[in-house]
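Readers should treat all values here as calculations from the given coordinates under stated rules, not as data from a laboratory. Everything numeric in this text was worked out from a predicted model, so none of it was measured. Every residue, glycine as well, gets a Cβ built from its backbone with ideal geometry; the counts of neighbours run over all protein chains shown.
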Amino acid sequence: MKRVTLIAIISLCVIIATYFAEIIIGFLNLNDIMTFYRFFGAVNLLGYIGLLPFFIKLYQKQR
């Protein structure tokens with residue numbers, strides 16, 4: 001459970017960091033901003049996939 005929890009914490013930090021990066025890039029006037037949003041969308045998806053094993057393990061522990 002410790003390894004799964006560590007992966008979940010790292011994934012949550014990655015998700016929060018990408019949201020902060022999106023906010024910062026949103027304030028800058030960049031020409032090709034859609035490339036950044038596509039990249040951060042993929043990173044967010046990987047972060048949410050990293051959270052999934054934690055909730056699966058938690059559900060199995062409750063049973």
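Can you find, within the range 47-63, the residue that is surrounded by the most Cβ atoms within 10 Å (Cβ to Cβ) among those that are basic (K, R) and part of a helix (DSSP H, G or I)? Going through the qualifying residues, I end up with K57. Looking for something exposed (fewer than 11 other Cβ atoms within 10 Å of the Cβ), in contact (Cβ under 8 Å) with a residue 12 or more places away in the chain and touching a helix residue (DSSP H, G or I) at 6+ places or on another chain (Cβ under 7 Å) - is there at least one such residue anywhere in the range 1-11? Within the range 1-11 (the criterion being exposed (fewer than 11 other Cβ atoms within 10 Å of the Cβ), in contact (Cβ under 8 Å) with a residue 12 or more places away in the chain and touching a helix residue (DSSP H, G or I) at 6+ places or on another chain (Cβ under 7 Å)), the answer is yes, since at least one residue qualifies.
When the residues of the range 15-37 are filtered to those that are surrounded by 10 or more Cβ atoms within 10 Å (Cβ to Cβ) and among the polar types (S, T, N, Q), the one that is farthest from K2 (Cα to Cα) is T35. Within the range 38-46, not a single residue is surrounded by 11 or more Cβ atoms within 10 Å (Cβ to Cβ) and in contact with a Leu (Cβ under 7 Å, 6 or more places away or on another chain).
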